[in-house]
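Written below as structure tokens is the structure these notes are about.
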Amino acid sequence: MDKGLLTQALAKFFLGVIVMGILLFLPAGSFRYWQGWLLMGILFVPMFAAGLVMMGKNPELLRKRLNAKEKEAEQRTVVKLSGLIFLIAFVVAGLNWRFGWWILPNWAVWAAAGLFLGAYLLYAEVLRENTYLSRTIEVQENQKVIDTGLYGIVRHPMYMATTILFLAMPLVLASPISFIVMSGYIPVIAKRIKNEEKVLEEGLDGYAEYKEKVKYRILPLVW
């Protein structure tokens, strides 16, 4: 076992738990914000399990997923904008619960939690299908175009899954206001996808042909 990789993964995991807890419960002013606990549970428990599976079966994929240093200047801007959107959305969710501005009913929260978990399964399937996935925009050594499974339906099933995940988060937190804020992620991810496709088309053999074969980026019949 790669102890260095394990240490890095655990450090990032627990840092994520702490940061999200602060962003949610400090604005909420209480640990009684049960929707915050629900989101943390359905986010971090599967994440921890997925990390263990990757650590045991595909540590190289885990290493790629932990690498968040973008080489493309345009992508660094996209990452910063995404982080800002998340920060605002989580803080607003806590404040929304604290002051009762606009709270979703419990049934909507649980429905959103089901949608979130469904998107998580989709995310896991994408990781299974494509071992070249990293968190940065790059063409890797010996990389090949994946055009089967979900990649035969849309060109970016990972972004399809993460967009559903991210838009479901504020609904799990019972905050329609945060959903409006999080909707700002859509043009940001569209910009990221367009830049990524440019990089892949220039550096990955067969990608231009793949684009002709699979017409839609993340949403069949729409975009």
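Evaluate the relative contact order of the stretch 3-213 (contact order divided by residue number), counting alpha-carbon pairs under 8 angstrom at least 6 apart; express in whole percent.
Over the stretch 3-213, the number comes to 29 percent.
Checking the table K80/K213; K12/K194; K3/K57; K191/K215; K64/K144; K144/K198 against a 21 Å threshold on Cα-Cα, which pairs fail?
Listed pairs above 21 Å: K80/K213; K12/K194.
How large is the helix-only mean residue ellipticity at 222 nm for the chain, computed as the sum of -39500 (n - 2.57) over DSSP H runs with n ≥ 4, divided by its residue count, in deg cm²/dmol to the nearest 500?
Theoretical 222 nm ellipticity from helices: -24000 deg cm²/dmol.
Kirkwood hydrodynamic radius (Cα pairs, Å) of the stretch 81-122?
By the Kirkwood definition, the hydrodynamic radius is 11.9 Å.
Please identify the helices of the chain, taking whole runs of DSSP H, that span at least 30 Å along their own axis as judged from the Cα atoms and have a mean Kyte-Doolittle score of 1.6 or higher.
Once both thresholds are applied, what remains is 3-28.
Since every read-out is calculated from the coordinates, none of them should be taken as a lab result. Since the model is a prediction, treat every value here as computed from it, not as a measurement.
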